[in-house]
1. Would you be able to tell me the number of residues in segment D:76-124 that are more than 10 Å from chain C (Cβ to nearest Cβ) and among the acidic types (Asp, Glu)?
2. Which one is nearest to residue B:64 (Cα to Cα), of the residues in segment B:125-162 that are among the basic types (Lys, Arg) and away from chain A (no Cβ under 14 Å)?
3. What number of residues in segment B:199-209 are surrounded by fewer than 22 Cβ atoms within 10 Å (Cβ to Cβ) and not polar (S, T, N, Q)?
4. Would you mention how many residues in segment C:164-175 are touching a residue at least 60 places away in the same chain (Cβ under 8 Å) and more than 7 Å from chain D (Cβ to nearest Cβ)?
5. Being open to solvent by 10 Å² or more (accessible area, probe 1.4 Å), assigned to a loop (DSSP other than H, G, I, E, B), over 30 Å from residue A:120 (Cβ atoms) and not polar (S, T, N, Q) narrows it down to one residue among B:184, B:156; which is it?
6. May I ask you to list the residues in segment D:4-27 that are at pLDDT below 85 and within 9 Å of DNA strand F (Cβ to nearest atom)?
7. Considering segment D:134-153 alone, what residues qualify as being assigned to a loop (DSSP other than H, G, I, E, B) and exposed (fewer than 12 other Cβ atoms within 10 Å of the Cβ)?
8. Any chance segment A:28-46 includes a residue that's more than 25 Å from residue B:38 (Cα to Cα), at pLDDT 95 or above and within 11 Å of DNA strand E (Cβ to nearest atom)?
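The values are calculated or read from the model by the stated rules, or taken from the named source; none is laboratory data. It should be emphasised that the depicted structure is a prediction, and the values quoted were computed from it without experimental measurement. Every residue, glycine as well, gets a Cβ built from its backbone with ideal geometry; the counts of neighbours run over all protein chains shown. Side chains are part of the model used for accessible areas, which takes the heavy atoms of the whole protein and leaves out ligands, DNA and RNA. Shrake-Rupley method; radii C 1.70, N 1.55, O 1.52, S 1.80 Å.
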There are 4 protein chains.
Amino acid sequence: MPSPAPSPRRAGRPRSAEADVAIMDATREALVEVGWSKLTVGHVAARAGVAKTTLYRRWANKGELVVHAVAALFDELELPDCGSLQADIESVILAFAGLLQQPGTNASLMAVVAESTNDPALREHIREAIVQRQKRLVLQGRQRAQRRGELPPDAADPEEDARLVDLVFDVIAGAVVHRTLVSAEPVDTEWARRFTTLILQGLPAAASL
Amino acid sequence: MPSPAPSPRRAGRPRSAEADVAIMDATREALVEVGWSKLTVGHVAARAGVAKTTLYRRWANKGELVVHAVAALFDELELPDCGSLQADIESVILAFAGLLQQPGTNASLMAVVAESTNDPALREHIREAIVQRQKRLVLQGRQRAQRRGELPPDAADPEEDARLVDLVFDVIAGAVVHRTLVSAEPVDTEWARRFTTLILQGLPAAASL
Amino acid sequence: MPSPAPSPRRAGRPRSAEADVAIMDATREALVEVGWSKLTVGHVAARAGVAKTTLYRRWANKGELVVHAVAALFDELELPDCGSLQADIESVILAFAGLLQQPGTNASLMAVVAESTNDPALREHIREAIVQRQKRLVLQGRQRAQRRGELPPDAADPEEDARLVDLVFDVIAGAVVHRTLVSAEPVDTEWARRFTTLILQGLPAAASL
Amino acid sequence: MPSPAPSPRRAGRPRSAEADVAIMDATREALVEVGWSKLTVGHVAARAGVAKTTLYRRWANKGELVVHAVAALFDELELPDCGSLQADIESVILAFAGLLQQPGTNASLMAVVAESTNDPALREHIREAIVQRQKRLVLQGRQRAQRRGELPPDAADPEEDARLVDLVFDVIAGAVVHRTLVSAEPVDTEWARRFTTLILQGLPAAASL
DNA sequence: GACTAACCGAGACGGTACGTCCTGTCTTTGA
DNA sequence: TCAAAGACAGGACGTACCGTCTCGGTTAGTC
C-alpha cells in the first residue's frame with residue numbers, strides 16, 4: 001500500500017514505485033533521528049533522492065506523510081500463539097512496547113495523535129490505519145482463548161460484547177502507551193506479567209456487570 | 001503562580017500581572033481554537049494585547065508557555081471522599097475524563113507530550129507539572145482506603161510498593177486518556193464503574209506476584 | 001514557415017499542422033492577456049489543446065516560442081508607394097505604430113528584446129527575424145526615392161553608406177517605439193508628419209559630415 | 001530615497017538604513033552579473049547579507065525591487081554646460097548611451113519596461129521615476145540654448161510647445177536606446193555628432209509645421 | 001496488410017524560485 | 001526596568017513552472 005494511489009489505470013507516466021519506498025524509508029529514518037517537529041519535507045525529499053514535488057504529489061502535507069509512515073510501522077504487530085491467553089497478552093504487550101520504545105515511533109505516534117485532535121479527517125485516518133488495526137489483535141486473542149476454553153463465548157448482546165472488547169483494548173493500549181510515553185518507564189517482562197494478571201483477574205467481574 | 005517569577009525583589013518597573021493572566025487566557029483560547037501546531041506566539045501575543053517581547057520575557061519558548069497553560073488545568077483535579085474506594089476512583093476518573101473532553105485540553109496535552117518525546121527538558125517539566133501532580137491522587141486514594149480497611153497496608157518492600165502504585169497510575173491514566181483521545185469514545189459512569197471494577201478485582205492478584 | 005521544420009523528408013508520422021497553428025494562436029492570445037512574464041508553456045499548451053511535449057518538440061524553450069510568434073507579426077509590414085518619400089515614410093511609421101499599439105505586440109516585443117540582452121543566441125535570432133526584416137523597408141524606401149530623384153545616389157564609400165542607413169533606421173524605429181512603449185503617447189498622422197519632416201530636413205546635413 | 005518608507009515617525013525598531021543600501025548594491029551587482037531573468041530574490045538577499053524577509057518588507061516583489069534599483073541609475077544623468085547646444089546634446093547622448101551600455105542597465109531597463117506593458121501601476125511608476133526625470137534634461141538644455149540665443153523662445157501655444165519637446169525627447173531617447181539595445185551597435189562620438197546634426201537641422205522645419 | 005518510425009495526449013520527474021509565515025532576538029520610543 | 005511596536009536573521013512551508021522523461025495509443029508511409 002505504497003501511497004494514496006490514483007487507482008485504476010491512468011494515462012501518462014505512472015508514479016515511480018522506487019520513489020514511494022525511498023520516501024517512506026527516508027521519512028522513518030528522519031523521524032527516528034530528528035523527531036516530528038524538526039522533520040522537514042525538504043530534508044526527507046533530499047534524503048530520499050527525490051524532488052519535493054514528488055512528495056507533495058503523493059501527500060498533501062507533512063502531516064499526511066508522517067501518518068502514512070507511522071501507520072505502516074504498526075502493520076508489523078502480530079499475535080503469536082504462545083499457548084495460553086496470559087502468554088499471548090504478555091507477548092503482544094512486549095511487542096507493542098518494543099515498537100513504542102523505538103526512538104522514532106513514540107514521538108511520531110504522539111505527534112500524529114496530537115495533530116489529529118484538531119483535524120477530523122486526520123483523526124479518521126488514524127482510526128482506520130492504526131487503531132482498528134490494533135483492535136483486531138484483541139479480537140483475535142479472544143477468539144483463540146475461547147477455542148482454548150480460557151474465556152466464555154461471546155456475550156448474548158453484541159453491543160455489550162463490543163463494550164467489553166473496547167474496554168480491554170483501551171486498558172491495554174492505554175497503559176502501555178502511558179507507561180512508555182508519559183511515565184517514561186520501561187515495559188519489561190515483569191511489568192507485563194503483573195499487568196496481564198491484573199486484567200485477567202479483573203475481567204470476569206467487569207464482564208458480569 | 002502566575003509566571004516563573006524573576007525572583008525576590010527587583011528594581012525597575014514590576015511585571016504586569018494583567019499581562020500574565022491575559023497571556024494565559026489567550027493561550028488556552030488559541031489552543032482550543034486552532035490547536036497546538038497552528039498556535040503561534042505572535043497570535044497569542046496579539047490576542048492578549050501584549051507584545052511578543054513580554055511573552056518571551058516570561059517563558060523561554062512556545063513549548064514552555066503551553067505547558068504552563070496546560071498544567072494549570074490539572075490543578076483542578078481533586079479526590080473527594082465518596083465513602084468507598086470504588087466510588088472515589090470512579091469519581092476521579094470522571095473528573096479526569098471531563099477535563100480531557102474539554103476541547104482544548106486534550107489537544108494541548110497530547111501536543112505537549114508529543115513535543116516532549118524529543119526534548120528531555122520539556123519531558124522533565126511535564127513530569128513535574130502534570131504527572132507527579134496526578135500521581136498524588138493515587139497515593140491519597142490509597143491512604144484513605146487503607147484507613148477505611150479497604151486495602152492492606154503498604155508492602156514491606158518500598159520499591160515493590162512503588163511499582164504497584166505506578167502500575168495503577170499508568171492503568172488508570174492510560175485507559176482514560178486512550179479512550180478519550182485515541183478511541184474517541186465518551187467516558188461515562190457506566191464505563192467508569194466497569195473499569196474500576198476490573199482494576200479493584202484484579203489488583204490483589206497483581207499485588208501478590 | 002510554420003515551425004523550425006524537421007528538415008527534408010522524414011519517416012514516421014508527420015507533425016500536425018493543426019497543432020502548429022493552434023500553438024501560435026494560443027501563444028499570441030496568451031501574450032495579449034497575461035504578458036510575457038506570466039505566460040507559461042503549460043498554459044499555452046492547454047489553451048492550444050496540445051501536450052507540452054508537442055510544443056517542446058518544435059521550439060527549444062519559451063523564448064523561442066514567443067520570438068517565433070512575435071516575429072510573424074512583423075511580416076505584415078509593407079512599404080506602399082505613396083508617390084513621395086515623405087508620404088512613404090509617414091505611411092510606414094503609422095503602420096509600424098499601429099502594430100506596436102496592438103496590445104499583445106508591444107509587450108511581446110519588449111519582453112523578447114529584454115530577454116535577449118542576456119542571451120546572445122536569442123539576440124541573433126531576433127536580429128534575423130525582426131530587425132533585418134524591418135531594415136529592408138528603409139532600403140526599399142531609399143531606392144524608390146532615388147528613382148524619383150528625391151535622394152542622391154548611394155554614397156561612394158559603402159561603409160559610409162551603411163552608417164547613414166543605420167542612422168535613419170535607428171531614428172525611425174527608435175522614436176516610434178519610444179513614443180509608443182515608453183512615453184505611451186499615440187502616434188497619429190500629425191506626429192508622423194512632424195517627425196518625418198524633422199528627419200528629411202535634417203538628413204542632408206547629417207549625410208554631408 | 002532609500003525605500004518606499006513608512007514615513008513620518010513610527011513606533012518600534014526603525015528599518016535599517018544599512019540594509020537599504022546593501023540591498024540596492026546587491027541588486028545592481030546581480031543585475032549586471034546574471035541579468036534580470038536569472039536574478040533571484042534569495043540570491044540578492046544572500047549577497048546583501050540580509051534576510052529575504054527584510055527585502056520583502058520593502059518591496060512587494062522582484063519587479064518592484066528591480067525598478068527601484070534601475071531608476072536610481074538614471075539619477076546620475078546630468079546635462080553639463082559644454083558651451084553650445086550641439087555639444088550639450090552630444091554629451092548627454094554619450095552619457096545616456098554609456099549608461100545603457102553598462103551590461104546590467106540595458107537588460108534591466110528593457111525588462112522593467114517590458115514588465116510594465118502589462119502592469120499599469122508599474123508603468124506609472126516608471127514614468128515618474130525614469131521618463132519624467134530624463135525629460136527635464138531636454139527642458140534644461142532648451143532653456144540654456146534659448147539663453148544663448150541658439151533657439152527661439154517658447155512657442156506661443158503651450159500645447160504646441162509641449163508637443164515639440166516630446167518629439168525631441170522621443171527621438172533622442174528612442175534612437176539611442178534602439179541603437180544600443182536593438183541594433184546592438186556602439187554609440188560613439190561620430191554617431192552622436194551625426195545624429196545631433198540631423199536633429200538640429202531638422203528641428204526648425206518640424207517646429208514650423 | 002503488417003511493420004515501423006515518429007508522432008500524440010497525458011502526466012510524473014528532478015529542479016529552482018517564489019512569496020508567506022513563524023521563531024526567537026534586537027532595537028527603538030515611551031511610561 | 002518594563003512595555004509596545006515592529007524590524008531583524010533564519011529557515012520551512014506549500015505552490016508554480018521549467019524542461020525532461022516515460023507511458024499507452026495513433027497515424028502515415030513503406031515493405
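1. Qualifying residue count for the region: 5.
2. Taking the candidates together, the pick is B:136.
3. The qualifying residues number 6.
4. Result for segment C:164-175: 1.
5. Of B:184, B:156, the one residue that is open to solvent by 10 Å² or more (accessible area, probe 1.4 Å), assigned to a loop (DSSP other than H, G, I, E, B), over 30 Å from residue A:120 (Cβ atoms) and not polar (S, T, N, Q) is B:156.
6. So in segment D:4-27, the residues at pLDDT below 85 come out as D:4-12.
Listed by number, the residues that qualify are D:6, D:10, D:11, D:12.
7. D:149, D:152, D:153
8. There is at least one residue in segment A:28-46 that is more than 25 Å from residue B:38 (Cα to Cα), at pLDDT 95 or above and within 11 Å of DNA strand E (Cβ to nearest atom).
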